[in-house]
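Everything below concerns the one structure shown next.
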Amino acid sequence: MPEVVITDVPERERFEAHLDGVLAGFAEYMRGPSLVVYPHTVVHREYEGKGVGSALARAVLDDARARGLKVLPTCPFIAAWMLRTPGYAELAYQARSTVSD
């Protein structure tokens, strides 16, 4: 099976996954100074079941970790992948209110 190659494309605010030089999918992001939001992930139908989604999830979350960012995964795929893969749930953003009565 060919290797999935993941590339950050900041001008498009997304990571792209390529198989054999062909765009197989992408994960969009909105990156701030302390938080990154992953709103949408796409794997093209002909590449489903070939590990593209998992490769994207691992790459985007590893990137967030390397940058010291918390992750708000509004994309259901990224959110589910984070929860079921050991070592990634701790990246999740937790809203912490400082309001007191």
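Bear in mind that the values in this text are calculations on the coordinates, not laboratory data. Note that the coordinates shown come from a computational prediction; the quantities given were computed from them, not determined experimentally. All Cβ positions, even for glycine, are placed from backbone atoms using ideal geometry, and neighbour counts span all protein chains on display.
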- prompt: From the residues Gln94, His40, Val52, which one has its Cα farthest along the dipole of the chain in the positive direction, the dipole being from +1 and -1 charges on Cβ of Lys/Arg and Asp/Glu about the Cα centre?
  reply: Gln94
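Starting from the exponent 0.38 and prefactor 2.2 Å, build the expected Rg for the chain from its residue count and divide its actual Cα Rg by it.
Values: Rg = 14.4 Å, N = 101, 2.2 N^0.38 = 12.7 Å.
So the chain has a normalised radius of gyration of 1.13.
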- prompt: How large is the charge dipole for the range 24-69, taken about the Cα centre, if only the Cβ atoms of Lys, Arg (+1) and Asp, Glu (-1) carry charge, to the nearest 20 debye?
  reply: 120 debye
query: What GluC sites (Glu not before Pro) does the range 1-89 have in DSSP loop regions with at most 10 other beta carbons within 10 Å?
result: Glu3
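Taking the Cα centre as origin and putting +1 on Lys and Arg beta-carbons and -1 on Asp and Glu beta-carbons, what dipole magnitude results for the chain, to the nearest 20 debye?
Numbers: 11 positive and 13 negative charges, 57 e Å.
Value, rounded to 20: 280 debye.
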statement: Counting Lys and Arg as +1 and Asp and Glu as -1 over every other residue whose Cβ sits under 13 Å from the Cβ of Pro10, the net charge comes to -2
Interchain or long-range residues, amide H under 5 Å from Leu72's placed H: Val36, Val37, Tyr38, Tyr93
- request: Could I have the simple spin-label model distance between Leu83 and Arg12, label points 7 Å from Cα toward Cβ, reported in nm to one decimal?
  value: 3.0 nm
field: Cα-based helix-to-principal-axis angle, 52-67 vs the chain, degrees rounded to 10
entry: 40 degrees
